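What follows is one structure encoded as structure tokens, with my remarks underneath.
The values are calculated or read from the model by the stated rules, or taken from the named source; none is laboratory data. A quick note: this is a predicted structure, and the numbers were derived from the prediction, not measured. Glycine gets a Cβ as well: all are built from the backbone with ideal geometry, and neighbour counts include every protein chain shown. These area figures cover heavy atoms from the full protein model, side chains too; ligands, DNA and RNA do not enter into them. Shrake-Rupley method; radii C 1.70, N 1.55, O 1.52, S 1.80 Å.
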Amino acid sequence: MTTNAPLIACHECDLLQREVVLPRGGIARCGRCRGELYRSHPHSLELTLAFTAAAIVLFVIANSFPIVGLKLQGQLIETSLFHTVKTLYVEDMKPVAALVFVTTMLMPALELLAMVWLLLPLRLGRVPPHFAPVFRMLQAVRPWGMVEVLMLGVLVSMVKLAHLATLVPGVALWSFGALMLLMAAVAATFDPRELWARVGVAR
């Protein structure tokens, strides 16, 4: 450890300490509370960008195809997520419609677009325009993306409706399931320290 190494504050106890160079896959922990300070993520930017690109493809598919269908008396009734939001709005459940739209469509879309906006130019060796405001927006919208809550609600509804009609899972349901895993992978591989380091190099 060198005396001119950058300082970092522990997220748990606020202890200031010097950063250290980590081996591949290493974890730096607080000297007082043993909380995790940061990890070494080799090629984190490239991995995050790849996961984000795949997530965008799945997000488009999930919002373009039916999420589930009900087969009753020979008739198949299918609905997409957007049509569900529209139906809730028309049926005078506007707050619920707005909540579903914001948490399962708007916020995940903003998060994915912000990730591409930040990562793609850095991958090409350039600093993205409006880097700081977009990064702050990303941090603000991330907690509001709730694809996993949508999946839980759909699965509970399917269990409750199983005795009334035959349920036909749509393409969007499988896409949302894969999207949920990819969003978790994006969050796990995204390293803000590496992001800022790339910005410093690109300038």
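Take the Cβ-Cβ distance between Gln75 and Ala98 as r, set R0 to 45 Å, and report the resulting FRET efficiency rounded to the nearest 0.05.
0.90
Quick one: what does P(r) look like for region 27-141 with 5 Å bins over all Cα pairs, in whole %?
The distribution over region 27-141 is 2, 9, 13, 14, 15, 13, 11, 9, 6, 4, 2, 1, 0, 0, given as percents.
Remind me, relative contact order of region 1-40 in percent, using alpha carbon pairs under 8 angstrom and six or more residues apart?
About 35 percent, as a whole number.
In deg cm²/dmol, rounded to 500, what helix-only [θ] at 222 nm does the chain give when every DSSP H run of at least 4 residues adds -39500 (n - 2.57) and the total is split over its residues?
-17500 deg cm²/dmol
Pop out the carbon and sulfur fraction of the accessible area of region 1-40 as a percent, whole number, probe 1.4 Å.
Taking all protein chains in place, region 1-40 shows 50 percent carbon and sulfur surface.
How long, wide and thick is the chain, going by the Cα atoms along their three principal axes, in whole angstroms, largest first?
Extents along the principal axes: 75, 37, 31 Å.
What percent does the relative contact order of region 42-202 come to when contacts are Cα pairs within less than 8 Å and at least six residues apart?
Relative contact order of region 42-202: 41 percent.
Helix 131-141 sits at what angle to the longest principal axis of the chain, using alpha carbons and giving 0 to 90 degrees rounded to 10?
50
Going from most exposed to least, what order do Ile77, Ile67, Ile56 have by accessible area with a 1.4 Å probe?
Putting Ile77, Ile67, Ile56 in descending order of accessible area: Ile77, Ile56, Ile67.
Just the accessible area per residue of the chain, please: how many Å² with a 1.4 Å probe?
60
Among the GluC sites (Glu not before Pro) in region 14-119, which ones are in a DSSP loop with at most 11 other Cβ atoms within 10 Å of the Cβ? Mind listing them?
Those satisfying the criteria are Glu91.
In whole Å, what are the extents of region 92-149 along the principal axes defined by its C-alpha atoms, from largest to smallest?
49, 19, 16
Just to be sure I understand the curve: with the Debye formula and one point per C-alpha of region 1-40, what is log10 I(q)/I(0) at q = 0.14, 0.15, 0.25, 0.32 Å⁻¹?
Taking Cα atoms of region 1-40 as identical point scatterers yields -0.27, -0.31, -0.84, -1.15.
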